[in-house]
Amino acid sequence: MKFYPFLALIAVLFFASCDSYRQVPYFQDLDRNSVIQEDIRNYSPYTIQPNDILGIYVADATNPEGAQPFNFNLTRANGLNGDASSNNPIVGIIVDAKGYIQLPYLGPMKVAGYTIIDLKEQLAKSLTTYMKSPIVYVRILNFKVSVMGDVLRPDVYTFVTDNVTIAQALSSAGDLNITAKRNTVLLIREIEGKRVFIPIDLTSKKLFESPYYYLKNNDILYVDPDKTKFATVSRDYRSATVIIGTLSALALIMTVVLYKK
């Protein structure tokens, strides 16, 4: 009989640990025992938005000199194109607050809402006035996502593609720590002048079907820590406080003793 309380305590701790583990795996409702295929219905091409920085390159085999004025944007900030450091970015062409860019000869052009393919086609069409067979390349130069909270490496991450997913962004940050809440990740996005807060559940495979699975430029992902994280930090803080308090008391006692001598 005297062992019953002890056994009960072990049982409680066991089931508590099992419950905590159930919150850790991703995509828990996904069948892991068979190959599953499903159509991708939530992907839509990235659309250009204000404050995007575009890299635009124009080529024409029959008139290479005529294409040069359009490629000024590909020089680097300090003029040294051989210096590819992060402190010397490509200048690019910034999309202004109204969604316009300025190009030589073409003047102001509204590009907000265009996909990359749309813009390439529109530019190629407009440039036929100045060259015979223009070929246009367009890229987003400043596609970045901020990852904050309980991840291995919180930071602002820049990507060389505009097709970035939540999974890619979190993987770039080294994945979530074991103490992170996986079912209450917060996506913060600015949409048409409004800041929108979107809950994301990483424990469900429905994440892949979410319209928010594909990220936009300047998105923020915030990962909440669970109580375990706080308890660990709090315990360390309390321990440090006790040690400092004890050392202070000892120092005070020694000062008094030495003073009396």
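Every number in this text was worked out from the coordinates using simple rules, so none of it is lab data. Predicted model only: the values in this text are computed from it and were never measured. Counting neighbours? That spans all protein chains shown, and the Cβs are built from the backbone with ideal geometry, glycine included.
Net charge near I135: determine it from the other residues with C-beta under 12 Å of the C-beta of I135, scoring Lys and Arg +1 and Asp and Glu -1. Result for the local shell: 0. Counted over all Cα-Cα pairs of the range 121-196, pairs farther apart than 14 Å make up 71 percent. Taking each of K181/K216; K125/K205; K120/K205; K98/K144 in turn, the alpha-carbon distance tops 31 angstrom for K125/K205; K120/K205.
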